[in-house]
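Coordinate-derived values only; no laboratory data. Because the structure is predicted, anything quoted here is derived from the model rather than measured. Here the Cβ positions follow ideal geometry from the backbone for every residue, glycine too, while neighbour counts run over all protein chains shown.
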Amino acid sequence: MEWKIAYPHYIPGSSSFIEMMRGALKAMQCGGVKPGENVVILTDTNKIRVAEALAGAAVAVSAVPTIIINTPSGMHGRQPPPPAVAGCSRSDVFFLPTSFSTTHTDARILAMKNGARGCTMCDVTEDSLCVGGIMADYEECDRLGRRLGELMSRSKEIRVRTKSGTDIRGQITGRPVQYETGIFRNPGDFASLPNSEINISPIEGTTEGVAVADVRIMGVGITRYEPVTLIVREGLLRDIQGGPMAEQLAGILADLKDETAYNLAEFGIGLNPVARRYATNQEDLGTLGNVHHGIGSNYAIGGNVKAPCHIDATYRDAIIELDGHVVMDCGRLMV
């Protein structure tokens, strides 16, 4: 579902908070939030109204919300301040509605080690709590993800192709599948609303090929009309080709001055049939038929690299193969 800017609350308005409660309550439902549970909401100064909507929904289900507010981190995957990490680690349930992704950080890892469950909402917009991907049947997304993840867990190699030029493969033997389907009701579960995806970290040094990002690059922008080509050899991003957006991504990575920032960290597969393509980063990651690759950290998803960033590059209409067999074609499960 491609998105046109026609929804009246795309620009925040005072009345949009009423409609935001629809998605905020859906988030509580997806997380199975119970009366009396401690709900920690880690946010920043750009996303305070979203955090307040989530807190209101937590109160509505008789949970106890606490909002922690930082200034925006400035980089996807950058570690939050220690007090924020500590707050998440003492939660029963945590939500991360932030301008920059905190998925691949200690805030999430330590919270889950302590038995919490939670949900990132990276770069969430107010209208994404009103319409679009948040309205998905997440139970059905979870069923699709579990079926596909079961196949991945038994496979040695994943390969992804598109008509636009993507052809990339990596070894996944023994790597755990991450189920970020939207349902997170048990200790240690994790989601990324309004996204719905499964992902896996390929074995370091094994990924080879080309990925043509024609949807979005996190932190750079929509690449629909200016695709960026990523050249990967021996598990590292070796070249970035394209126009100004390719140059911008190259500059972001170069400024980090850290070889681990070029690690090909992730194969992610979207599951959400009602997500709005080109609307928000989370919906692009989760759109059924889209695939993305994380660049940088993979330690939070079963790998061995802790980098100063995790940047996702997304493309559409993907054909996914496991050990040489096509298992998904442009969002259609083939097995």
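A dipole drawn for the chain from +1 and -1 charges on Cβ atoms has a positive end, and of Ile48, Ser196, Gly87 the residue lying farthest that way is Gly87.
Around the Cα centre of the range 136-333, unit charges on the Cβ atoms of Lys, Arg, Asp and Glu (plus for the first two, minus for the last two) sum to a dipole of about 260 debye. Centroid-to-centroid, using Cα positions, the range 120-191 and the range 49-89 are 23 Å apart. Taking packing as the residue-averaged number of other Cβ atoms within 10 angstrom, the listed peptides 253-260, 196-203, 40-47 run from highest to lowest as 196-203, 40-47, 253-260. Note on the chain: Lys pairs 8 or more places apart or on different chains, Cα atoms under 22 Å apart, count 5. About its Cα centre, the chain has a charge dipole of approximately 440 debye under the convention of +1 per Lys or Arg Cβ and -1 per Asp or Glu Cβ, with nothing else charged. Would you work out if the chain is rounded, prolate or oblate? Take a ≥ b ≥ c from the square roots of the eigenvalues of the alpha-carbon gyration tensor; rounded if a/c is under 1.5, else prolate when a/b is larger than b/c, oblate otherwise. Since a/c stays below 1.5, the shape of the chain is classed as rounded. Ordered by the number of other Cβ atoms lying within 10 Å of each residue's own Cβ, fewest first, Tyr278, Tyr262 fall into the sequence Tyr278, Tyr262.
Where does the charge balance sit around Tyr179 when Lys and Arg score +1, Asp and Glu -1, over other residues with C-beta under 10 Å from its C-beta? So the environment of Tyr179 carries a net charge of -3. Of the residues Val232, His293, Leu271, the one whose Cα sits farthest towards the positive end of the charge dipole of the range 136-333 is Leu271 (charges of +1 on Lys and Arg Cβ, -1 on Asp and Glu Cβ, taken about the Cα centre). When Val327, Val59 are sorted by how many other C-beta atoms sit within 10 angstrom of their C-beta, beginning with the fewest, the order is Val59, Val327. Taking a ≥ b ≥ c as the square roots of the Cα gyration tensor eigenvalues, the range 136-333 comes out rounded, since a/c falls below 1.5. Among Arg332, Arg159, the order by Cβ neighbours within 10 angstrom, fewest to most, reads Arg332, Arg159. Working from label points 7 Å from Cα in the Cα-to-Cβ sense, the Leu333 to Thr45 distance is 4.6 nm.
The residue among Val59, Gly77, Phe100 whose Cα reaches farthest toward the positive pole of the charge dipole of the chain, with charges on the beta-carbon of Lys, Arg, Asp and Glu, is Val59. All other residues whose Cβ lies under 10 angstrom from that of Cys119 are scored, Lys and Arg at +1 and Asp and Glu at -1, for a net of 0.
Label reach from Lys156 (point 7 Å along Cα→C-beta): in the range 172-189, amide nitrogens under 11 Å belong to 172-173.
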